[in-house]
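Here's the structure, in structure tokens; my notes come after.
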Amino acid sequence: MARWVLSECGVKSLPRIYPRPSRNGLASRTYMVSEIRSSSVPCKPHFLRSSLSLSTKGKSWALNVSAPVRVASVDEDNEKDKVDGVENEGGFDPAAAPPFRLADIRAAIPKHCWVKDPWRSMSYVVRDVVVVFGLAAVAAYFNNWVVWPLYWFAQGTMFWALFVLGHDCGHGSFSNDPKLNSVVGHILHSSILVPYHGWRISHRTHHQNHGHVENDESWHPLSEKIYKTLDKATKTLRFTLPFPMLAYPIYLWSRSPGKKGSHFDPKSDLFVPSERNDIITSTVCWTAMLALLGCLSAVMGPLQILKLYGIPYVMFVMWLDVVTYLHHHGHDDKLPWYRGEEWSYLRGGLTTLDRDYGWINNIHHDIGTHVIHHLFPQIPHYHLIEATEATKPVLGKYYRQPEKSWPLPFHLLGVLVKSMKKDHFVSDSGDIVYYQTDPDLS
């Protein structure tokens, strides 16, 4: 069946394009932006949906825009104010194919925002490491129960800041040198018990497939069928605070319900055979850090290590789970998830959310500026705010302005609680679905 596009030049047919899927579900053929612009459709089409393919060569991976797969007709655009019973104010449908391409967003970003400065990146590492050791020294010096709770919150937040810098290494936004990225990433992530390569690869899968019900990797929705297989205790633990905010170590070992594998196992479904040595390396580094903590416990005493490292680690885990969850859940209007031909890299990325964390924004390197990061993870964190401001006119209503925070983001606790009470599973059928609520839990 032919596809048609409405352009300034009239109605023209588009070729059917069905990329051959690879093992991980992504298209094996990539199309560069220049190929699209030189296509047989000379005039700019309206309401194009961009889909994205990612190619991996060696250790690097790049974002390439493919040719349009689906084009909405004028009638469809005018009449589709409701999807699955969800209607937003002003007739805006968040699930509709956007009237812009990924290339349009890219073109709006100033060129200098793409520049990676390794010296600047390293300065953030030095800053954070100095603060981490300074906080530990102050807490150990005073060693009283007035200081310790303040230390745990502050140090847990700094562990989270270290994670974000290691996360940038994994995306290649830290520098253009893969070796520097790998060395710094291993040091930072291993120090907080994160297997660098294991997590880097699974997080790459998350970015490549965000918004896809089955293929997304972290905090993706459970289908109704999988949800019904969970026992009452598992459902309660998954959706009752604070238990979900302690899930990250469990996820590293066994992933999410419905998925198998481990971030420490080179034979896991998460990885391809060529990544085996990477996984072994990061697992060895993780084990070395665990051994170091054991030695320090023998020297300083387990209680002191618990206070200096163990409780801040738990705080870091909570930061990671809360921030990751809130970037993909909890908006006032329901946001769509996709399957099949309805999914594209662009549409999936547009369902992410920016969040304001007040004073914490600078501490954790503006990771709350998340929409542009999700679409273009190669942009360094210190350019994300400027890039976001530049793209707002293009994104229009597809960008959801975050609620302004007080110095500390206590308002997000209410958002988290509300979302946990109502966002439980999605339908087993349908290419555009929304979270549904289990009345037994809510």
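The values are calculated or read from the model by the stated rules, or taken from the named source; none is laboratory data. Remember, it's a predicted structure, so these values are computed and weren't measured experimentally. Cβ: placed from backbone, ideal geometry, glycine included. Neighbour counts: every protein chain shown. These area figures cover heavy atoms from the full protein model, side chains too; ligands, DNA and RNA do not enter into them. Shrake-Rupley method; radii C 1.70, N 1.55, O 1.52, S 1.80 Å.
First check a/c for the range 341-442, with a ≥ b ≥ c the square roots of the eigenvalues of its C-alpha gyration tensor; if it is under 1.5, answer rounded, and if not, answer prolate when a/b is larger than b/c or oblate otherwise.
Oblate is the answer for the range 341-442, as a/c is 1.5 or above yet b/c matches or exceeds a/b.
Tell me the label-point distance for the pair Asn176, Asp231, using the 7 Å Cα-to-Cβ offset, in nm and rounded to one decimal.
5.6
Please compare each pair in Lys392/Lys422; Lys260/Lys418; Lys225/Lys422; Lys232/Lys422 to a cut-off of 19 Å on the Cα-Cα distance and tell me which ones are over it.
Listed pairs above 19 Å: Lys392/Lys422; Lys260/Lys418.
Using a 1.4 Å probe on the protein chains only, how many percent of the accessible area of the range 183-224 belongs to carbon and sulfur? Show your work: numbers first, answer last.
Values: 500 of 800 Å².
Answer for the range 183-224: carbon and sulfur cover 62 percent of the accessible area.
How much length would be gained if the chain were fully extended between Val126 and Lys392, taking 0.36 nm per residue of separation minus their Cα-Cα distance, in nm to one decimal?
92.5 nm
Using only the Cα atoms of the range 261-357, build the gyration tensor, take square roots of its eigenvalues as a ≥ b ≥ c, and label the shape rounded, prolate or oblate: rounded if a/c is under 1.5, else prolate if a/b is larger than b/c, else oblate.
Judged from the Cα gyration tensor, the range 261-357 comes out oblate (a/c at least 1.5, b/c at or above a/b).
Give the distance, in whole Å, between the Cα centre of the range 375-400 and the Cα centre of the range 306-357.
17
So, with a 1.4 angstrom probe, what is the percent of accessible area on the range 253-368 that is carbon and sulfur?
Solvent-exposed carbon and sulfur of the range 253-368 make up 65 percent of the total.
Set Lys and Arg Cβ to +1 and Asp and Glu Cβ to -1, take the dipole of the range 248-304 about its Cα centre, and tell me which of Ile250, Pro266, Ser282 lies farthest positive.
So the residue we want is Ile250.
So if R0 is 51 Å, what FRET efficiency would Asp117 and Ser274 give, r being the distance between their Cβ atoms, rounded to the nearest 0.05?
On the way: r = 30 Å, r/R0 = 0.60.
The value I calculate is 0.95.
Hull surface divided by four, with the convex hull built on the Cα atoms of the range 211-294: how many nm²?
Result: 7.1 nm².
Sort all Cα-Cα distances of the range 153-212 into consecutive 10 angstrom bins from zero, then give the percent of pairs in each bin up to the one containing the longest distance.
So the P(r) values, bin by bin, are 24, 50, 23, 2.
Mind grabbing the accessible area of Val394 for me, 1.4 Å probe, Å², rounded to tens?
Counting only protein heavy atoms, the figure is 50 Å².
Counting only heavy atoms of the protein chains, get the accessible area per residue of the range 258-409 (1.4 Å probe) and round it to a whole Å² value.
On the way: 6260 Å² over 152 residues.
For the range 258-409, the solvent-accessible area averages 41 Å² per residue.
Report the gain in length on full extension from His331 to Asn143: 0.36 nm times residue separation, minus Cα-Cα distance, nm rounded to one decimal. Let's see the in-between values first.
Working: separation 188, 0.36 × 188 = 67.68 nm, distance 4.17 nm.
Stretched out fully, the His331 to Asn143 stretch lengthens by 63.5 nm.
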